[in-house]
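Trainee: Below: one structure in structure tokens.
The values are calculated or read from the model by the stated rules, or taken from the named source; none is laboratory data. Computed from a predicted model, the values in this text were never measured in an experiment. Here the Cβ positions follow ideal geometry from the backbone for every residue, glycine too, while neighbour counts run over all protein chains shown.
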Amino acid sequence: MPNKYAFFLKLAELTLNNAKQFLNDSKLLRDNRSFGHAYSLAVLGFEELSKCWVVLTLYIGGFKEEDEEIVLSTTNHTFKQIFGWSILASFIQSEYLETTKYRTRIKELGSQLTKGILSYKAYTKKLNEIVTEESKTSELAKAIIDLEDVINKINNDSAVMEKRKQEGFYVDYNIPSRIILNTPDSFNLEKTKFIETFDFFLQFSQNFYLGIKENRKRKSIQKGIQDLRRAMGAIRKSMEELDDD
């Protein structure tokens, strides 16, 4: 049996490559004006990209294999979508937004959210206030806020993305009422904008994956990952002790 961390990296590579193929196929369909199918294929690709992040977080120690999140993320389509949005938002935020002058304040907000001091809605509102203080706030920072809004919508209706994926693929109807509820032809170019978002996420994910793969033997990287695994283990232990109490 191969080393589990080597297995995680290989699995990340395969799911990433499959997500790329979904992206290419969805662009071909979009260019041929099959907008509904193009959108739905992009969602399937996003789910595959989410699986890539599942194994990457296992690799760096963010989760353990038996965690409920990991089990759900490999079996439940809706959960894959939620997991994908959430994990990408957190990594992109830490990669870009927290390197700005707002770093300290944003980290403090994140800490308050984790501790339950702030609700998710209050956290998003305060985050929005921080990055819109100046007119020169970067477009990327605003895009991250939009990302938070998407996650908030998904939290309110976890199946919203899954419903649209089904609408892009299938004709939906009600026979007793003689009503056609939806057809894939109801999608237009505007509704395929998600493909570009998926493309951006995929590029970010590929860079993250290659960064780990190509630098994993560096002592500083190995130390960082080991420290993270220990930290997550300590957090997990403290939470289990709280549950016991």
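Trainee: List pairs: first residue in the range 35-49 and at negative phi and free of Cβ contacts under 8 Å to residues at least 12 places away in the same chain, second residue of a type in the set (Gly, Ala, Ser) and part of a helix (DSSP H, G or I) anywhere in the structure, Cβ distance under 8 angstrom, at least six positions apart or on different chains.
Mentor: Going by the 8 Å Cβ cut-off, there are no qualifying pairs.
Trainee: Right, another one. For the range 210-219, enumerate the residues that are in a helix (DSSP H, G or I) and either more than 25 Å from the chain's Cα centre (by Cα) or not small (Gly, Ala, Ser) (or both).
Mentor: Within the range 210-219, Leu210, Ile212, Lys213, Glu214, Asn215, Lys219 meet the criteria.
Trainee: Now, a different point. Under 8 Å between Cβ atoms, which residue pairs at least 6 apart in sequence (or on different chains) link something in the range 169-189 that is among the β-branched types (Val, Ile, Thr) with a partner that is not in a loop (DSSP other than H, G, I, E, B)?
Mentor: Val171/Ile180; Val171/Asn182; Val171/Pro184; Ile179/Tyr173; Ile180/Asp172; Ile180/Tyr173; Thr183/Gly36; Thr183/Asp172
Trainee: Looking for something within 25 Å of Lys191 (Cβ to Cβ), in contact with a Gly (Cβ under 7 Å, 6 or more places away or on another chain), of a type outside the set (Asp, Glu) and modelled with pLDDT of 95 or more - is there at least one such residue anywhere in the range 6-19?
Mentor: yes
Trainee: Among the listed residues Phe200, Phe208, Phe169, which satisfies the condition of being modelled with pLDDT of 80 or more and either under 28 Å from Glu66 (Cβ atoms) or aliphatic (A, V, I, L, M) (or both)?
Mentor: Being modelled with pLDDT of 80 or more and either under 28 Å from Glu66 (Cβ atoms) or aliphatic (A, V, I, L, M) (or both) holds for just one of Phe200, Phe208, Phe169, which is Phe208.
Trainee: Follow-up. If I filter the range 160-209 down to residues being assigned to a helix (DSSP H, G or I) and among the polar types (S, T, N, Q), which single residue comes out as farthest from the chain's Cα centre (by Cα)?
Mentor: Ranking the candidates gives Ser186 first.
Trainee: Confirm whether Lys10 is surrounded by fewer than 17 Cβ atoms within 10 Å (Cβ to Cβ) and among the basic types (Lys, Arg).
Mentor: So Lys10 fits the description; yes.
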